[in-house]
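Okay, so here's the structure we're looking at.
The values are calculated or read from the model by the stated rules, or taken from the named source; none is laboratory data. No experiment lies behind these values; they were computed from the predicted model shown. For neighbour counting, all protein chains shown are included, and Cβ atoms are generated from backbone atoms with ideal geometry for every residue, glycine included. These accessible areas exclude ligands, DNA and RNA; they are computed on the full protein's heavy atoms, side chains included. Shrake-Rupley method; radii C 1.70, N 1.55, O 1.52, S 1.80 Å.
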Amino acid sequence: MIRYGGCMEAHRTVSRRAFALGAVGVLAACSSTNNDPTTTTSGPEAAGGGLGPVPEFTGKLAPLVEGVTVPPDLPVTAPTLFRGVRLFDGEEVTEAADVILQGGLVAAVGAGLDEPDGVEVVDGAGHTLVPGMIDSHVHAFPQAQALAARFGVLTELDLFSVEGLSTQVDEQRTTGATDRADVFSATSMATAPDGHGTQFRVPIDTLTDPSQAVGWVEERVAEGAAYIKIVVESGFGWASLEQDTVAALVEAAHEHSLRAIIHAQSLEDTTIALSAPLDGLAHAPWDELPPDLVARIAEMGIFVVTTAGLAQPTRHKPALDDDRVMDRIDPGLLSSFRRASYATDATWAAMLPNLQALHSAGVSLLAGTDNSNPGTISGAGMLVELAILVEAGMTPVEAMASATSLPADTFGLADRGRIAEGLRGDVVLIEGDPTAEITDLHGVVGVWKWGVSVDLDVA
Ligand SMILES: [Zn+2]
């Protein structure tokens, strides 16, 4: 049985020797470093040389969630009123607001609100209320989803593969699964035989020909995939999908109104990815992007999931020195968070300029951790990710939007990502002011999912 989503599994099986030798791809699980000079293309000419005309997709993509449906078996709890709290509603900040959660939803947002019968009042002075966060790149498993919820990450977008997906989705619909983050999943990933992704001891149907794309995508649809993940990874000796197979997969995903998300990290692979009308990149590249690739990404209007924490050497991560964060993480998962195995000074040197350039070009950057690869972790990894986005030049409010309203809009998660009347009662109470100082997000003092209070202690 898949216990850990792909990446984690790989790290548990790799030998130290393999590691020392550069891991030959085994560690290049979901995030492959591109430090191997034989596989890295650099410079605008090399990267841009393969860019053809901008591909277009003019059809419609289905929302992941069309509207608000309160789970029928949601636990019944008293209403909660946050009185005089600083409110980040997903886009804007209000200095002193009242917010009422009732019946699973945000029942009211305003000032001087009347107290409903039986209400529990939370004094919001000195605190900030933010929407339940969305992690746009994870490899989910139940323990990680519970961990996510303790840090206010209440939705995880899995990119291969989650244990017991259909059971989890059923619980999300019926009880609200209020002890853990919701999960949506790509279920599997499209890759070549001996391609990246085949190392996880999880059966994967590989592709060798574009004619297989339609059937492959239909199988994912039958499994309940929320979007399609495609791997273009030629580094570390991996076999990679041909460009025409990538194009056929993207087209097949779009036939089902599903988003096509491509893993590509080197400039060469990113160029192949950008030859198809994809919807988003699963990672911000780890090689410094030349201006023509940045312009191409912006022109295509696609999103980029950041996964920058993996590229960041451990010494930069303030969350690792904060007991408020570390004490809330399952002891068995801590070592992975502390060990940023992929990151080097070079990956970090490329990451910040890439994020800056993409952000300046107006590209939608979605905060995603790629947990539980080493160097990140479910929940707490999001705190690291958002701090990096601020370091890359975003305002704290922009960074928090990349984990709330922006992914909600991008994926059509119509019921969440904002604090507004009628939406899900998914909120996070922070001691301090993350709209001014992003690391104040370390001070999570309360989380409510569907209006139900989440237990913040390690189980
Ligand atoms: Zn991944």
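Taking the stated definitions as given, is residue 233 open to solvent by 20 Å² or more (accessible area, probe 1.4 Å) and among the charged types (D, E, K, R)? Considered against the rule, which asks whether it is open to solvent by 20 Å² or more (accessible area, probe 1.4 Å) and among the charged types (D, E, K, R), residue 233 comes out as no.
Those residues that are exposed (fewer than 15 other Cβ atoms within 10 Å of the Cβ) and assigned to a strand (DSSP E or B), I need them from the stretch 97-140; list them, please. Of everything in the stretch 97-140, those that are exposed (fewer than 15 other Cβ atoms within 10 Å of the Cβ) and assigned to a strand (DSSP E or B) turn out to be 110, 120, 121, 123.
Out of the residues in the stretch 71-96 meeting the condition of being open to solvent by less than 10 Å² (accessible area, probe 1.4 Å) and in a loop (DSSP other than H, G, I, E, B), tell me which one is nearest to residue 401 (Cα to Cα). Before you say what the answer is, go through the steps one by one.
Of the stretch 71-96, the ones open to solvent by less than 10 Å² (accessible area, probe 1.4 Å) are 71, 80-82, 85, 87-88, 90.
Now narrow it down to the ones that are in a loop (DSSP other than H, G, I, E, B): 71, 90.
Details: 71: 26, 90: 6 Å.
Taking the candidates together, the pick is 90.
Criterion applied to 175, 155 was being in contact with a Gly (Cβ under 8 Å, 6 or more places away or on another chain) and in contact (Cβ under 8 Å) with a residue 40 or more places away in the chain, and the one residue passing it is 155. Of all residues being outside any loop (DSSP other than H, G, I, E, B) and of a type in the set (Gly, Ala, Ser) in the stretch 141-157, which is most open to solvent (accessible area, probe 1.4 Å)? Just the residue, please. For the stretch 141-157, the residue satisfying everything is 146.
I want to confirm something. Restricting to the stretch 158-172 and keeping residues that are more than 20 Å from residue 67 (Cβ to Cβ) and touching a residue at least 40 places away in the same chain (Cβ under 8 Å), which single residue is most open to solvent (accessible area, probe 1.4 Å)? I'd like the intermediate steps shown before the answer.
Let us first name the residues in the stretch 158-172 that are more than 20 Å from residue 67 (Cβ to Cβ), namely 158-168.
This time we only want the ones that are touching a residue at least 40 places away in the same chain (Cβ under 8 Å), so: 158-163, 165-166.
Details: 158: 0, 159: 2, 160: 2, 161: 8, 162: 17, 163: 48, 165: 23, 166: 83 Å².
Filtering the stretch 158-172 for residues that are more than 20 Å from residue 67 (Cβ to Cβ) and touching a residue at least 40 places away in the same chain (Cβ under 8 Å), the one most open to solvent (accessible area, probe 1.4 Å) comes out as 166.
Of the residues making up the stretch 334-363, those that are without any contact (Cβ under 8 Å) to a residue 60 or more places away in the chain and surrounded by fewer than 22 Cβ atoms within 10 Å (Cβ to Cβ) number 10. Restricting attention to the stretch 236-274, the residues being surrounded by 21 or more Cβ atoms within 10 Å (Cβ to Cβ), more than 22 Å from residue 370 (Cα to Cα), in contact (Cβ under 8 Å) with a residue 60 or more places away in the chain and polar (S, T, N, Q) number 0.
Exactly one residue out of 245, 206, 270 is modelled with pLDDT of 95 or more, part of a helix (DSSP H, G or I), over 28 Å from residue 351 (Cα atoms) and of a type in the set (Ser, Thr, Tyr): that is 245. Within the stretch 252-277, the residues that satisfy the criterion of being over 12 Å from residue 232 (Cα atoms), in contact with a helix residue (DSSP H, G or I) (Cβ under 7 Å, 6 or more places away or on another chain) and more than 16 Å from the ligand (Cβ to nearest atom) are 252, 253, 256, 277. For the stretch 135-172, which residues satisfy the criterion of being away from the ligand (no atom under 15 Å from the Cβ), closer than 19 Å to residue 258 by Cα and under 14 Å from the mean Cα position of the chain (by Cα)? The one that is away from the ligand (no atom under 15 Å from the Cβ), closer than 19 Å to residue 258 by Cα and under 14 Å from the mean Cα position of the chain (by Cα): 155.
Inside the stretch 433-459, can you point out the residues that are part of a loop (DSSP other than H, G, I, E, B) and over 18 Å from residue 91 (Cα atoms)? Step through it out loud before you land on a result.
So the first thing to find is which residues in the stretch 433-459 are part of a loop (DSSP other than H, G, I, E, B), and the list is 433-437, 443, 450-451, 454-459.
443, 450, 451, 454, 455, 456, 457, 458, 459, listed by residue number.
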